[in-house]
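Peer 1: The structure is given below, and queries will be raised subsequently.
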Amino acid sequence: MYSLEAIMVATTLIGFLGVVLRRNFLMKIISLDVMSTGVISFYVAIASQTGDSPPIVTAMAVSYAHPVPQAVIVTAIVIGFATLTLSLTYTMLVVKKTSTLDSRRVEERVNW
Amino acid sequence: MVRIYVLFNLALIVSSMLAFLNKFKKSIPLAAGFVNLVVANVIYWSQLSGEAVLWNSFGVKLILDNISRDFLLMNSIVFLASTIVAMKKEKPSVFFFLLALFLPSCNLMFLSCDMFNIYVLLELTTLVVFLLASFGGKTNQVWSALKYMVLGTAGMNLYLLGVGMIFARSRTFELPTLVDIIPAVLVISGLLVKAGVFLFSMWLPDLHSSVESELSALLSGVGIKTAVYAILRFSPSLGKTVDVVVLFGVVSAIAGVVFALNERNYKRILAYHTLSQVGFVLSAPAVGSFYALAHGVFKSWLFLNAEELPVKDSKKLSREKLPFLVWLAVVLPCLTICGLPFTIGATAKHMVFSQLTSWQKIFMYGAAVGTVISFSKFLFLRPTFEMTRPVNPLVHILLGFYCFFPSLVLSVKRAEIFKSLIVFGVGALIYFILKNRMKPLPRRLENLEDSLTIYVLLIAVCFLVVIVRG
């Protein structure tokens, strides 16, 4: 019954594992995006628990999707986009200075 | 009441755009800071309160109560003080725009009282903080800001997942009355990363010590308090899960002090103390908001003093002599953070200690003594009697006033004075014994890789604690 939600939670956790396990900093940022995609889809799945038709009154519809989760998650999409672009831009700056993407090596070269 | 205040903050946001005009770039944040200080003081002293609920809106709510008032006052004081220092520096207008945007977004954060508003405003302040911190463009600043971003975003995604689970059950974004184990742990572990708790947020010492002092003051004074505010708001509805917060609060208070004791760089010492002081706030969530106000005032003063000191290394500093007024400005906030009677620090500490259970009290007295030991490095500096003016006299007057304001209102009990003096005495004694045996501890925990691995373990620990207690 909750299979869609379970898949989305699993996606989020896989993204989180990616952030933790990948040493490549670019991959960490991409994993963050996978994570936020998982969360956003989770909200869409929650919205469809009450029904499948769009929340507009029509004669045909039997049950309606919940409008609120979809409405609020738009904000999270925008925030995720801002985070992604900003961190990619600043990663460029770090790579230019340290000429590596491996986060352990960046750490060594920044703090020497 | 809340509606008028929200409109005032929207006006501040609009006016921050004016900072793009080169002519107004410095006067806009300064004017906003002054007006906001007056407004926050009116709200604080006349105890204004109120709430605004969006009509038929599934729990979206703004609230102005005693927790909000403490945080709003703190925001106004710290922002004005940091802005006055920032005025002296030549920066492009984007910097001043971001600075002016920081104030209303934090003000609105300290009003919000539902799960989704908290998320949006936390992320907004994170983005502003990230941009401000990486503005200098030095590699270590950018890298520490990136660490903050990666850890913070991962945490906030977990938070959002938890909020989604709560929403799926209750169909509202109102702060819940009782939460299940899994969403509660997700929400709390997400917020703790941003709140500056030891082990959870090890990005903090790097970030707060690498940026310029006026930004450190702003980040340490207000930036992390946004997440602390969220935790304080959540804590009544968490039931037994709140034990996790208290437990990590106590751990943070002690571990932060241990690291600070052994450190020598002035700003790194302060950054470790931020970890420890957040521990004090979280160990007593019921009265934590006043401690947060106190911490904002003295920690921003300490950070802004970095501008006045000739050298930043505590060993070299102990050989220097400071002009009397500068010496006074350096020593007063150190005494306040240690809990000198009649200051805001002492009042806040006694409020926290009155809420603790006996096992916590033992550890927290240890942390308080540790704070005294650590700040003894600066308490025993020697003054000379020249009358050189400090660089930013206005800042010292403003922050000095708020350091002593509780003694104008509240009466101090004799037992409290006695306790504070014992803590001072013991701390100073231990300092003279340990003086030459302290070396900086390794910074292994602050690596991005290690702190992420630790984060996964900590989430597991949270689950364990909740299951055992529940």
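Bear in mind these aren't lab numbers, they're just calculated from the coordinates by the rules spelled out. Because the structure is predicted, anything quoted here is derived from the model rather than measured. Using ideal geometry, Cβ is built from the backbone for each residue, glycine included, and neighbour counts are taken over all protein chains shown.
Peer 1: Quick one: grab the alpha carbon gyration tensor of segment B:61-203, order the square roots of its eigenvalues as a ≥ b ≥ c, and give me rounded if a/c is under 1.5, else prolate or oblate depending on whether a/b is larger than b/c.
Peer 2: oblate
Peer 1: Here's something else I'd like to know. Over 30 Å between Cα atoms: which of B:299/B:321; B:89/B:316; A:28/B:377; B:267/B:413; A:96/B:316; B:299/B:439 fall into that group?
Peer 2: A:28/B:377; B:267/B:413; A:96/B:316
Peer 1: Here's something else I'd like to know. Taking the Cα centre of the protein assembly as shown as the origin, how large is its charge dipole in debye, to the nearest 20, when only Lys and Arg (+1) and Asp and Glu (-1) carry charge on their Cβ atoms?
Peer 2: Its charge dipole is roughly 1760 debye.
Peer 1: I've got another one for you. Based on Cβ point charges of +1 for Lys and Arg and -1 for Asp and Glu, what charge dipole magnitude is obtained for segment B:2-469 about its Cα centre, in debye rounded to the nearest 20?
Peer 2: Computed charge dipole of segment B:2-469: roughly 1000 debye.
Peer 1: Length gain on complete extension for the stretch residue B:464 to residue B:66, per 0.36 nm per residue less the alpha carbon to alpha carbon distance? Spell out each step's value before the answer.
Peer 2: Working: separation 398, 0.36 × 398 = 143.28 nm, distance 3.34 nm.
Extra length available between residue B:464 and residue B:66 comes to 139.9 nm.
Peer 1: Lysines near residue B:61 by alpha-carbon distance under 26 Å, same-chain residues fewer than 8 away left out - which ones?
Peer 2: Partners found: B:194, B:225, B:240.
Peer 1: If r is the Cβ-Cβ distance from residue B:363 to residue A:108 and R0 is 45 Å, what FRET efficiency results, to the nearest 0.05?
Peer 2: So, using R0 = 45 Å, E works out to roughly 0.80.
Peer 1: Sticking with this structure for a sec: Sequence gap at least 6, Cα distance under 8 Å: using those rules, report the relative contact order of chain B to the nearest whole percent. The partial results should precede the final answer.
Peer 2: Values: 746 pairs, mean separation 72.8, N = 470.
Computed value for chain B: 15 percent relative contact order.
Peer 1: On to the next question. Check every DSSP H run in chain A and write down those whose alpha carbon atoms cover 30 angstrom or more along the long axis and whose mean Kyte-Doolittle hydropathy is -0.5 or greater.
Peer 2: What comes out of the filter, once short or polar helices are dropped, is A:25-47, A:67-98.
Peer 1: List B:246, B:94 from most exposed to least, where exposure is judged by having the fewest other Cβ atoms within 10 Å.
Peer 2: So the ranking, lowest neighbour count to highest, is B:94, B:246.
Peer 1: For the residues B:113, B:106, what sequence is obtained by ranking on other C-beta atoms within 10 Å, fewest first? Let's see the in-between values first.
Peer 2: On the way: B:113 21, B:106 28.
Exposure proxy ranking, most exposed first: B:113, B:106.
Peer 1: Residue by residue through A:66-72, how many Cβ atoms from other chains fall within 10 Å of the Cβ on average?
Peer 2: Across A:66-72, the average partner-chain Cβ count within 10 Å equals 5.
Peer 1: May I ask for the distance between the Cα centers of segment B:391-470 and segment B:349-363, given as a whole number of Å?
Peer 2: Taking the Cα centre of segment B:349-363 as reference, the centre of segment B:391-470 is 14 Å away.
Peer 1: Out of all DSSP beta bridges with both ends in chain B, state the antiparallel percent to the nearest 5.
Peer 2: Approximately 70 percent, going by the DSSP bridge assignments.
Peer 1: Tell me, in nm to one decimal, what length is gained between residue B:286 and residue B:413 on full extension, where the rule is 0.36 nm per residue of separation less the Cα-Cα distance? Working shown, then result.
Peer 2: Numbers: separation 127, 0.36 × 127 = 45.72 nm, distance 2.15 nm.
Extra length available between residue B:286 and residue B:413 comes to 43.6 nm.
Peer 1: Between residue B:429 and residue A:60, what is the label-to-label distance in nm when each label sits 7 Å out along the Cα-to-Cβ direction?
Peer 2: Taking the simple label geometry, residue B:429 and residue A:60 are separated by 8.4 nm.
Peer 1: Take every Cα pair under 8 Å in segment A:3-110 that's 6+ residues apart, average their separations, divide by the length, and report that relative contact order as a whole percent.
Peer 2: 25 percent
Peer 1: Can you give the % of DSSP beta bridges in the protein assembly as shown that are antiparallel, to the nearest 5?
Peer 2: 65 percent
Peer 1: Now a separate question. Which one, B:354, B:440, A:58, projects farthest toward the positive side of the charge dipole computed for the protein assembly as shown from Cβ point charges (K/R +1, D/E -1)?
Peer 2: B:440
Peer 1: For segment A:44-72 and segment B:78-148, what is the centre-to-centre distance using only Cα atoms, to the nearest Å?
Peer 2: Using only Cα atoms, the two centres lie 37 Å from each other.
Peer 1: What's the FRET efficiency of residue A:2 with residue A:27 using the Cβ-Cβ distance as r and R₀ = 30 Å, to the nearest 0.05?
Peer 2: The value I calculate is 0.50.
Peer 1: Something else now. May I ask you to sort B:90, A:5 by Cβ crowding, counting other Cβ atoms within 10 Å and putting the fewest first?
Peer 2: Going from least to most buried by this count: B:90, A:5.
Peer 1: Rounded if a/c is under 1.5, else prolate if a/b is larger than b/c, else oblate: which is chain B, with a ≥ b ≥ c the root eigenvalues of its Cα gyration tensor? Intermediate values should be presented prior to the final figure.
Peer 2: Working: a/c = 1.44, a/b = 1.16, b/c = 1.24.
It comes out rounded by the Cα gyration axes.
Peer 1: Something else: Give me the orientation-averaged projected area of the Cα convex hull of the protein assembly as shown, in nm², one decimal.
Peer 2: For the Cα atoms of the protein assembly as shown, the hull's average projected area reads 27.1 nm².
Peer 1: Straight distance only, please: which aspartates and glutamates reach the Cα of residue B:361 with their own Cα at less than 19 Å, same-chain residues fewer than 8 apart left out?
Peer 2: Answer for residue B:361, where 19 Å is the Cα cut-off: B:243, B:416, listed by chain and number.
Peer 1: Ok, one more. Quick check: residue separation of residue B:181 and residue B:8 times 0.36 nm, minus the Cα distance between them. What number comes out in nm?
Peer 2: Roughly 58.4 nm would be gained on extension.
Peer 1: Could you pull out every one of the aspartates and glutamates with an alpha carbon less than 18 Å from that of residue B:147, ignoring same-chain neighbours closer than 8 positions?
Peer 2: A:33, A:102, A:107, A:108, B:123, B:206, B:212, B:446, B:449, B:450
Peer 1: Which FRET efficiency value, to the nearest 0.05, is calculated for residue B:394 and residue B:439 with the Förster distance at 41 angstrom and r the Cβ-Cβ distance?
Peer 2: So, using R0 = 41 Å, E works out to roughly 0.60.
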